[in-house]
């Protein structure tokens, strides 16, 4: 149920095994004995609660990485199990859970449990059905993979509050040779099945893997390696009572040895394998080249959008939205008195220095400061838009140097399960020409408030909702809300500067183009170069943005279609509710209704909103 885990933690959900099967578990666990009979005094609601809680914990138990992401310290000296045997054991677990779920009498459940039952049934059924597609992904690519997830998890999620936590950190580094051996085996299984990344992927992954081995102790001179620096800083944060000088020194020596004797050979083995595999790679971009690739892509679109839209439907929708947004951009062009055509105006917005901060330490610090100020100002207005606000704090942070060349433009990491770690809006400031100031507001609203932080933090803070719902996700719901949250502030008086409003439209246009290019590549056999050219011709974004986006499409089939499809559904439901309720429509209550159940598939969201509108009408 962790479909947003890589929005999530960076610990991999192989994509579509990633997207389709969600987080594939980890430690090999024997099938548990058949559940003991519940006491007859338990109601069906109580039995349902017990099943939902146990199923979720069975999923979490199988992923040490996810446990760390949740803020738990169980198994924090281990990595996930990537073996084929473990995948099959997971498949059997899902089948056993679905059989247990069917022992409930759904007719006896109250409304809340009935919704959870429906969602759990759909989740397990899809996992079971999609087991056949478990190899249809690239385990390492420029967007995600254990080569980048390992340092990301250790730096961002592995907490050290005592000696044992520090030893667990070192143990994880020492476990990397075995872990990467499993990773290499999973890559090879896909290669044997005819699933090999296109050539461009290899340079990215090999470069990023080499970056992990830079700095002391690998290099005699220069700064500490990011992992060593992180380890040192976490030890330094401990008091002398928590960690004495002798143990502190022992830990530092153990960490340096682990980096040299475990991490280095693990990454070198991965690089060597990828260099060999690269020799057989082609430039073909789409999943149409995979076994049953066309059928896989249609399933991927259904899972991503939680609709029945086909590749052709989505392609046409994208073309229509691109044309509409171009018209709105032309209106802004006229309002600022620009003399040329839309193409010329886009070139101006792309190149004029007034819209970019310098690629310096000062320029990057200014961007982070102003993005934080935008979020702070929006917080002051949230009461006009929402009835319920999140308790968790939000932090703005630059993407770390070791992954900034490959990471996306911006992303959000939800708070820890216990709230001890805040939500984080990551801004990628590697290429400042890809971060124009006129897009700053829309980006901050999408990733922060009223966007992902509003949505995902509230979801985690829901009471009397099973954890599989609070911590799970549906890409179209999550990213649809994020894109909707870029538009929402305009309706409350934000984006008064026309260039900032153009930036909002530019970001919506970018998502509309995704519908066209994703389906173009994977269904219509567009090349990587065709996809890049479509973005360059139709958006004001830098060519570097286009390259990274197309390469993302290629390794994450269907994922980028979720944003626009989800946004349009949320808007459609809102306007239908407004039409039906008239002056009794309260946008704050509508937003509460969208958010109060946690993540939902769009078809289920539509039914809940229609029921809410009907209830509101009856009460007037």
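A quick yes/no check of all residues on (1) without any contact (Cβ under 8 Å) to a residue 40 or more places away in the chain; (2) surrounded by fewer than 20 Cβ atoms within 10 Å (Cβ to Cβ):
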{"residue": "301", "(1), (2)": "no, no"}
{"residue": "310", "(1), (2)": "yes, yes"}
{"residue": "313", "(1), (2)": "yes, yes"}
{"residue": "342", "(1), (2)": "yes, yes"}
{"residue": "353", "(1), (2)": "yes, yes"}
{"residue": "362", "(1), (2)": "yes, yes"}
{"residue": "368", "(1), (2)": "no, yes"}
{"residue": "380", "(1), (2)": "yes, yes"}
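Assess whether residue 148 counts as being closer than 26 Å to residue 398 by Cα and either in a helix (DSSP H, G or I) or over 26 Å from the mean Cα position of the chain (by Cα) (or both). Yes; evaluated as a whole, the condition is true for this residue. Scoring residue 451 on the criteria (1) touching a helix residue (DSSP H, G or I) at 6+ places or on another chain (Cβ under 8 Å); (2) over 16 Å from residue 375 (Cβ atoms) leaves a single failure, condition (2).
If you go through region 585-603 and keep only what is over 19 Å from residue 460 (Cα atoms) and at pLDDT 95 or above, you end up with 585, 586, 587, 588, 589, 590, 602.
Within region 259-291, count every residue that is part of a loop (DSSP other than H, G, I, E, B) and in contact (Cβ under 8 Å) with a residue 24 or more places away in the chain.
Let us first name the residues in region 259-291 that are part of a loop (DSSP other than H, G, I, E, B), namely 279-286, 290-291.
Narrowing the set further to residues that are in contact (Cβ under 8 Å) with a residue 24 or more places away in the chain leaves 280-286, 290-291.
Within region 259-291, residues that are part of a loop (DSSP other than H, G, I, E, B) and in contact (Cβ under 8 Å) with a residue 24 or more places away in the chain number 9.
Any chance region 516-538 includes a residue that's crowded, with 22+ Cβ neighbours inside 10 Å and outside any helix (DSSP H, G or I)? Yes, there is a match, as at least one residue in region 516-538 is crowded, with 22+ Cβ neighbours inside 10 Å and outside any helix (DSSP H, G or I). As a summary of the residue check, residue 577 satisfies the conditions (1) touching a residue at least 12 places away in the same chain (Cβ under 8 Å); (2) over 22 Å from residue 383 (Cβ atoms) except for the one numbered (2).
Determine if region 218-227 includes at least one residue that is closer than 30 Å to residue 86 by Cβ and either in contact with a helix residue (DSSP H, G or I) (Cβ under 8 Å, 6 or more places away or on another chain) or surrounded by fewer than 14 Cβ atoms within 10 Å (Cβ to Cβ) (or both). Yes, region 218-227 contains at least one residue that is closer than 30 Å to residue 86 by Cβ and either in contact with a helix residue (DSSP H, G or I) (Cβ under 8 Å, 6 or more places away or on another chain) or surrounded by fewer than 14 Cβ atoms within 10 Å (Cβ to Cβ) (or both).
Among residues of region 177-193 that are outside any helix (DSSP H, G or I), those with a beta-carbon under 9 Å from a residue that is surrounded by 18 or more Cβ atoms within 10 Å (Cβ to Cβ) at least six positions away or on a different chain give the pairs 193/135; 193/136; 193/290. Condition check: surrounded by fewer than 22 Cβ atoms within 10 Å (Cβ to Cβ), under 23 Å from the mean Cα position of the chain (by Cα) and part of a loop (DSSP other than H, G, I, E, B). Does residue 159 satisfy that? Yes. At least 1 residues being under 30 Å from residue 266 (Cα atoms), free of Cβ contacts under 8 Å to residues at least 40 places away in the same chain and in contact with a helix residue (DSSP H, G or I) (Cβ under 7 Å, 6 or more places away or on another chain) is the threshold, and among the helices (runs of 4 or more DSSP H) wholly inside region 31-141 those reaching it are 44-61, 64-69.
Among the residues of region 404-427, those identified as more than 15 Å from the chain's Cα centre (by Cα) and farther than 28 Å from residue 590 by Cα are 404, 405, 420, 421.
The values are calculated or read from the model by the stated rules, or taken from the named source; none is laboratory data. What you are looking at is a predicted structure, and each value in this text was computed from that prediction instead of being measured. Neighbour counts run over all protein chains shown; Cβ positions are idealised from the backbone, glycine included.
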